[in-house]
Amino acid sequence: MADNTEKNQGTEEMLENVLEKEASAQGAADEYSLNDDRRVKTLSPTALVVKRFLRNRVAVTGLIILAFMFVFSFVGGIVSPYREDQLFYRTDSQNKQWGAIMENKELRYIAEQDSDFPSVARAKFVLALKGDGNTFESQGVTYRYEEEGPDLYVLYVDGQDAPVAVATYDNVSSSTGNEKLPFPFQYAILKAAANEKTSFEYDGKTYAIDEAGTVMDGTAEVAYASRYTVQAIMKDVFLTREFKEQLIEAVEADQKEFSFTDEEGTTADYILKYDASTSSWQVMQSASTRVFDTYSAPSSKHWLGTDRNGMDMLTRLMYGGRVSLYIGFIVVFIETFIGVILGGISGYCGGWVDNLIMRIVDVFYCIPSMPIIIILGATMDAMRVDPQIRMLYLMLLLGFLGWAGIARLVRGQILSLREQEFMTAAEATGIRASRRIFRHLIPNVIPQLIVTMTMSLGSTIITEATLSFLGLGVKFPFASWGNIINDVNDTYVLTNYWFIWIPAGICLLATVLAFNLVGDGLRDAFDPKMNR
Amino acid sequence: MRKYILKRLLQSVVILVFVAFIIYVLMRCLPTSYLEQVARAKSQQPGSKSFEEWMAQLSATYGMDKGIIPGFLSWCGRAIRGDFGDSWKWTVPVTQKFAESVWISFIMGAISFFFEIIIAIPLGVIAATKQYTKTDYTITIVALACFSLPTFFFASLLKLLFCVKLGWFDLGGLIGRHYEQLSTFGKFLDRANHLVLPIVTLVVISIGSLMRYTRTNMLEVLNADYIRTARAKGLPENKVIYHHAFRNTLIPLVTMLGGSLPGLFAGALITETLYSIPGIGFVSYQSMVTGDIPFSMFYLVFMAILTLLGNLISDILYAVVDPRVRIA
C-alpha cells in the first residue's frame with residue numbers, strides 16, 4: 001500500500017499545484033482576504049464519499065470486477081453468436097445392432113399356418129424320421145411324410161393329397177419385400193431347389209430357378225431359397241438379396257467386417273460378431289449418426305466447450321450471470337422495500353406499533369429460511385411448476401424471508417436519528433410528518449442501507465446459486481451459475497470436465513467477492529470519521 | 001437479572017409458538033405427496049385395502065385429517081411431551097433418528113468451531129493492529145474471499161484436488177469400504193479421515209466473518225481513549241494490544257461466540273449433504289426433499305429454538321461479560 005499513499009500524495013500535490021495556479025491567476029484580478037469562503041474549495045458530501053471511495057484501491061478493484069461481470073452478463077449475451085438454449089451436434093460413428101444371420105442346422109417347418117402342423121407333431125415327426133415307416137400319430141391325427149429330395153420332407157395328413165407342411169433346412173424369402181410367400185409356392189420352390197431343377201411350374205406359370213436358389217419370373221427375380229436366415233433388427237428394414245448374399249459370403253469366408261454399397265450408392269460398414277450361445281452372427285452397422293455435442297473440450301468454436309446438453313458453455317455462463325444478477329437485485333429490492341417501510345414505521349411511531357412490528361421481525365428472524373426454501377423447492381419439483389414461474393416464486397420467497405435484518409437496521413438508525421437536534425428543528429418548522437420521514441430521516445439511513453444492500457446482494461447470489469446447485473432453484477432450460485455447477489454431482493464430470501464447472505464457480509466467487517469489496521469500501525467511504 | 005432472563009424466556013416461547021404455527025401451516029399446505037405415494041404403494045400390494053382407505057388411515061395416523069388449528073394444538077400437545085411422531089422416510093420415531101444423527105454433526109461443528117476461533121481471532125487482531133498495511137489488506141481480502149466462497153464450489157474443488165487427484169480421502173460418506181474389518185482404533189481413524197474435508201470446508205467458509213468481526217471490534221477498541229492513555233503512559237506496544245485492547249475486544253467476541261454455541265447442534269445442511277455425512281443436516285435434507293412432514297416439522301422448530309437460544313445466550317453474556325452493562 002506504500003506506493004498507493006505515495007501516489008495519493010502525488011495527486012494531492014498536483015491538486016495543490018493546480019489550485020495554486022488558479023489562485024494566482026485569479027489573484028491578479030482580485031485578491032481574496034484570508035478568511036474569504038471562496039479560498040476554500042467545498043465539496044458536497046456525495047463528492048466527498050466518491051472521492052474517499054475512489055481512493056480505496058481494493059474497493060475500486062471490486063467495482064471494476066463488477067463492471068466486467070455486468071458487461072459479460074448483459075452485453076455478452078447479445079454479442080455471443082449463440083442462443084442460450086442452442087443445441088450443437090456432432091457426427092459420431094456408432095455401432096448399431098443391425099441384424100443377425102444364422103445358418104440353419106435344424107429342420108424348419110413351413111406351413112400355411114403354424115397351427116396346421118403344431119409343435120407336438122413336429123417333435124413326433126423328428127422321432128419318426130429316425131425310426132422306420134413313414135407315418136406317425138400326434139394328438140389323434142395320423143401324419144404321413146415323404147422324402148421328396150435331399151433334406152426335404154413333405155408332410156401330409158394321412159388320407160389327404162394336399163401337403164400340410166414342409167420340413168427342410170432351407171428357407172424361402174421374397175426378393176421384393178418382407179411379405180410371406182404362399183405356402184404352395186414355397187413348396188414348389190423348395191422342391192425344385194432340392195432336386196436341382198432349372199425350372200418349375202406354379203399356378204400356371206413357369207419359373208426358372210438357378211443353382212444359388214434364385215427364382216426368376218422371366219427376367220424379374222421373385223424369390224430365393226437359402227440355407228441362411230438373415231433378419232434385420234428393425235421390422236421395416238428390407239434386406240435385399242444382394243446384401244444377404246454378400247453377408248453370407250462374408251460369413252462363409254469368416255470375415256470380421258465387410259462393406260456394402262446399396263443401389264443408391266451409399267456405402268455402409270458392417271461388423272460381424274459370432275455369438276456362440278445362439279450360434280448366429282450378429283451384424284453391426286457402423287454408421288455415422290448425428291448426436292448432441294456433449295462435453296466437448298474448449299475449442300475455437302466453443303471457447304469453454306459445451307455442456308451436458310450440447311449447449312455452448314460460454315453463452316450459458318453469460319445468461320447464467322444475467323439470471324443470478326437479476327435474482328440478486330430483485331430479491332434485495334423486495335427485502336429493502338419491506339424492511340424500510342416496516343422498520344421506518346416501527347422506529348418513527350414507537351410504542352405498541354414498534355413493539356408489534358419488532359415481534360414480527362423476531363418471528364421472521366427465527367424462521368429457518370434455507371430449509372423452508374428447500375422444502376418448497378422440492379414441492380415445486382413434485383408439482384412440475386413451470387421454470388419461469390418457479391424463478392418468480394423463488395425471488396418472492398427469498399425476499400419475503402429476508403427483510404427482518406433490514407427492518408432492524410432501519411429501526412435502530414431511525415430511533416437514534418429521531419432524537420437528534422436536526423429532527424427537533426425539522427419538527428419546529430412545522431412540516432408534514434411524511435415529509436419529515438422521507439426528506440430528513442430516510443436520507444440519513446441511506447448510507448447504511450446501501451452498504452447492507454450491497455453486502456446482501458452477494459449473499460443472495462450465493463443462496464440462489466446454492467439452491468440451484470441442489471436442483472431446487474433455477475431450473476433448466478434457464479441457466480444460472482449454480483445450476484451450471486450442478487453437473488459436478490456426476491463424479492465423472494468433476495474429474496474430467498473442469499471447463500464445465502470451474503469457470504462458473506470463478507464467476508460466482510468473483511461477483512460475490514466484488515459486491516463485498518464494494519460494500520466494504522462504501523462503508524469506509526460513508527464513515528465521516530475515516531481519517532484517510 | 002433473573003427477572004430479565006425469565007422475561008426473555010417467556011418472550012422466546014411466544015415467538016417460538018408463532019414460528020411453529022407458521023411452519024405448521026406451511027407444512028399442511030404442501031401437497032401431501034409422500035402420503036399419497038405410500039398409500040398408493042400399499043394399495044397395490046395383493047389383497048390390500050383400496051387407495052382411499054389407506055389414505056384415510058394414514059392421514060388419521062399422522063393427524064392430517066384434522067383442521068389446521070386443532071391439528072396444530074394437538075401437535076403442540078404431543079411436542080411438549082417430546083413426542084414428534086414417526087418419521088415417514090426413516091420409519092422410526094423422529095426423536096430417535098435425531099438422536100442418532102445429531103452427535104456426528106455436533107462433533108463436526110465443535111471441531112470446526114475450535115479451528116475457526118484459533119485461526120480467525122489472531123488474524124483479526126493482527127489485521128487491526130497493522131491497519132492499512134499490506135498484511136491488513138491481504139487478511140481483509142482473504143477474509144472476504146472466504147466469506148464469498150460458495151460452499152458447494154469450494155467443496156467440489158477440494159474433492160477434485162484431494163479425493164480425485166491425490167486420492168487421500170473418499171469422495172463422501174462417513175465410513176470407508178473396509179470399515180467393518182478394522183480394529184476399534186482403525187475405525188476411529190477411518191471416521192476421522194472422512195471428517196477432514198467437511199471440517200476444512202466448514203472452517204474456511206465460516207472463518208471470514210469472524211475474522212472481520214474481530215478486526216472491526218479491535219479497531220474500535222484501538223481508537224478508544226484508554227488505549228491512547230495506555231500508550232501515553234509509555235507501556236510497551238505488546239502490552240497495550242494484548243492486555244488493554246484485546247481484553248476489551250473479548251467482550252463482543254465472547255458475546256457473539258456464546259450466541260453461536262447452540263448453532264453447533266444445527267448441523268451443516270449444505271456441507272453434510274455435499275459430503276454425504278449422515279449428520280442432522282443431511283438427514284433432514286433428505287427428509288425435506290422427500291416431503292417427510294413430521295421430521296421436517298421437528299427440524300424447523302429445532303432450528304428456531306437454536307436461534308432463539310443463541311440470541312438469549314448472547315444477550316445474557318453481554319451483561320455477564322461487561323460489568324458496565326446493567327440490565328434492568
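Take the residues in region A:350-401 that are touching a Lys or Arg at 6+ places or on another chain (Cβ under 9 Å) and within 14 Å of chain B (Cβ to nearest Cβ), then tell me which one is farthest from B:A304 (Cα to Cα).
It comes out as A:V385.
Being within 22 Å of the chain's Cα centre (by Cα) and in contact (Cβ under 8 Å) with a residue 40 or more places away in the chain is true for just one of B:I68, B:I111, B:I139, B:I118. Which residue is that?
Result of the check over B:I68, B:I111, B:I139, B:I118: B:I111.
If we keep just the residues of region A:476-506 that are in contact (Cβ under 8 Å) with a residue 40 or more places away in the chain and within 9 Å of chain B (Cβ to nearest Cβ), which is farthest from A:P387 (Cα to Cα)?
Applying the filter and picking the extreme gives A:A504.
Could you go through region B:159-174 and let me know if any residue there is of a type in the set (G, A, S), over 30 Å from A:D487 (Cα atoms) and either buried (at least 20 other Cβ atoms within 10 Å of the Cβ) or under 24 Å from the mean Cα position of the chain (by Cα) (or both).
There is no residue in region B:159-174 that is of a type in the set (G, A, S), over 30 Å from A:D487 (Cα atoms) and either buried (at least 20 other Cβ atoms within 10 Å of the Cβ) or under 24 Å from the mean Cα position of the chain (by Cα) (or both).
Considering only region A:143-153, I want to know if a residue exists there that is among the aliphatic types (A, V, I, L, M) and out of contact with any helix residue (DSSP H, G or I) (no Cβ under 6 Å at 6 or more places or on another chain).
No, because not a single residue in region A:143-153 is among the aliphatic types (A, V, I, L, M) and out of contact with any helix residue (DSSP H, G or I) (no Cβ under 6 Å at 6 or more places or on another chain).
Restricted to region B:9-34, and to residues that are more than 11 Å from chain A (Cβ to nearest Cβ) and closer than 17 Å to B:L309 by Cβ, which residue is farthest from the chain's Cα centre (by Cα)?
B:L10
Does region A:117-134 include one or more residues that are surrounded by 11 or more Cβ atoms within 10 Å (Cβ to Cβ) and acidic (D, E)?
So far as region A:117-134 goes, no, none of its residues is surrounded by 11 or more Cβ atoms within 10 Å (Cβ to Cβ) and acidic (D, E).
Given the condition within 14 Å of chain B (Cβ to nearest Cβ), of a type in the set (A, V, I, L, M, F, W, C) and buried (at least 18 other Cβ atoms within 10 Å of the Cβ), answer yes or no: does some residue in region A:405-428 qualify?
no
Determine which member of the set A:D354, A:D312, A:D386 is farther than 30 Å from A:N496 by Cβ, under 28 Å from the mean Cα position of the chain (by Cα), charged (D, E, K, R) and assigned by TED's automatic domain parsing to the domain that holds A:F72.
Just a single option satisfies the conditions, and that option is A:D386.
Can you name the condition, by its number, that B:R212 falls short on among (1) closer than 24 Å to B:F113 by Cα; (2) surrounded by fewer than 20 Cβ atoms within 10 Å (Cβ to Cβ); (3) basic (K, R)?
Status for B:R212: all satisfied but (2).
Go over the candidates B:T271, B:T229 one by one and state the one that is modelled with pLDDT of 90 or more, of a type in the set (S, T, N, Q) and surrounded by fewer than 20 Cβ atoms within 10 Å (Cβ to Cβ).
From the options B:T271, B:T229, the qualifying one is B:T229.
Among the candidates B:L306, B:L261, B:L257, which residue alone is within 11 Å of another protein chain (Cβ to nearest Cβ) and within 16 Å of the chain's Cα centre (by Cα)?
Residue meeting the stated conditions: B:L306.
Give the residues of region A:315-327 that are in contact with an Asp or Glu (Cβ under 8 Å, 6 or more places away or on another chain) and either hydroxyl-bearing (S, T, Y) or not assigned by TED's automatic domain parsing to the domain that holds A:W501 (or both), sorted by residue number.
Listed by number, the residues that qualify are A:T315, A:Y319, A:S324.
Name the pairs whose Cβ atoms lie under 7 Å apart, with the first residue in region A:210-235 and touching a residue at least 60 places away in the same chain (Cβ under 8 Å), the second crowded, with 17+ Cβ neighbours inside 10 Å and polar (S, T, N, Q), and 6 or more positions between them or separate chains?
A:T229/A:N171
Output the residues belonging to region A:72-99 that are assigned to a strand (DSSP E or B), of a type in the set (D, E, K, R) and within 20 Å of the chain's Cα centre (by Cα).
The answer is A:R90, A:D92.
Taking helices (runs of 4 or more DSSP H) that do not extend beyond region B:35-154, which have at least 3 residues that are at pLDDT 85 or above, within 14 Å of chain A (Cβ to nearest Cβ) and surrounded by fewer than 16 Cβ atoms within 10 Å (Cβ to Cβ)?
B:134-148
Can you name the residue in region A:247-285 that is among the hydroxyl-bearing types (S, T, Y) and buried (at least 16 other Cβ atoms within 10 Å of the Cβ) and is also farthest from A:Q231 (Cα to Cα) among such residues?
A:Y270
If you scan region A:383-398, which residues turn out to be of a type outside the set (D, E, K, R) and part of a helix (DSSP H, G or I)?
A:M383, A:P387, A:Q388, A:I389, A:M391, A:L392, A:Y393, A:L394, A:M395, A:L396, A:L397, A:L398
The values are calculated or read from the model by the stated rules, or taken from the named source; none is laboratory data. All values derive from a computational prediction rather than experimental measurement. Neighbour counts run over all protein chains shown; Cβ positions are idealised from the backbone, glycine included.
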